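J.: Below is one structure. I have some questions about it.
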Amino acid sequence: MPPIAVVIYSNVTKEAQSRAYRALGFVAELLRAGDDLALVFDGGGSATLAAILDPAHDLHRVWLKAAPALRGVCTYCARACEVGKTLLAAGIPMLADDRGHASLRNLLAEGRQIITF
């Protein structure tokens with residue numbers, strides 16, 4: 001199995017939660033299998049991450065299973081979605097290696113297969 005990167009773009013504040021739920025469940029499955037994995041939140045996914053950090057959120061429990069794979073969140077997108085301060089306060093790593101955005105090229109350079117949700 002090649003190294004994998006899962007990138008979550010889905011915004012649970014504007015879309016059905018099923019897409020984010022499935023992405024987090026997939027990450028948890030890969031972790032259980034011991035796969036080499038990096039989880040990145042980008043675009044509207046930054047708002048999803050901020051939302052699911054709340055223990056009262058419906059997806060919080062599945063988030064906890066996926067959390068060990070977290071590489072970080074796109075700095076630019078977190079700010080654009082107005083959740084940057086929340087994520088920083090929670091200790092979430094901010095990724096800005098491509099002119100302020102999370103670099104997908106770097107994931108490819110690591111030999112990762114990128115899967116997006």
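The values are calculated or read from the model by the stated rules, or taken from the named source; none is laboratory data. Everything numeric in this text was worked out from a predicted model, so none of it was measured. Ideal geometry is used to build each Cβ from the backbone, glycine not excepted, and the neighbour counts take in all protein chains shown. What goes into the accessible areas is simple: the full protein's heavy atoms, side chains included, and nothing from ligands, DNA or RNA. Shrake-Rupley method; radii C 1.70, N 1.55, O 1.52, S 1.80 Å.
J.: Let me spell it out: the conditions are (1) open to solvent by less than 40 Å² (accessible area, probe 1.4 Å); (2) out of contact with any strand residue (DSSP E or B) (no Cβ under 6 Å at 6 or more places or on another chain), and THR75 meets all of them except one. Which number is the exception?
T.: For THR75, the exception is condition (2).
J.: Give me a count of the residues in the stretch 97-117 that are surrounded by 13 or more Cβ atoms within 10 Å (Cβ to Cβ) and not hydrophobic (A, V, I, L, M, F, W, C). Explain how you work it out, then say what you get.
T.: Step one: of the stretch 97-117, the residues surrounded by 13 or more Cβ atoms within 10 Å (Cβ to Cβ) are 97-98, 100-104, 106-107, 112, 114-117.
If we keep only those that are not hydrophobic (A, V, I, L, M, F, W, C) too, we end up with 97-98, 100-101, 103, 106, 112, 116.
Final tally of qualifying residues: 8.
J.: Might you let me know whether the stretch 16-38 holds any residue that is more than 13 Å from the chain's Cα centre (by Cα), on the phi > 0 side of the Ramachandran plot and not aliphatic (A, V, I, L, M)? Explain how you work it out, then say what you get.
T.: As a first pass, look at the stretch 16-38 and keep what is more than 13 Å from the chain's Cα centre (by Cα): 16-18, 29-36.
So of that shortlist, the ones also on the phi > 0 side of the Ramachandran plot come out as 34.
When the remaining residues are screened for being not aliphatic (A, V, I, L, M), the result is 34.
Yes, because at least one residue in the stretch 16-38 is more than 13 Å from the chain's Cα centre (by Cα), on the phi > 0 side of the Ramachandran plot and not aliphatic (A, V, I, L, M).
J.: A further question on this structure: What is the one condition in (1) open to solvent by 20 Å² or more (accessible area, probe 1.4 Å); (2) at pLDDT 95 or above that ILE4 does not satisfy?
T.: Failed condition: (1).
J.: Quick test of your reading of the structure: LEU64 fulfils all but one of (1) farther than 22 Å from ILE4 by Cβ; (2) open to solvent by 70 Å² or more (accessible area, probe 1.4 Å). Name the failing condition by number.
T.: It fails just one condition, (1).
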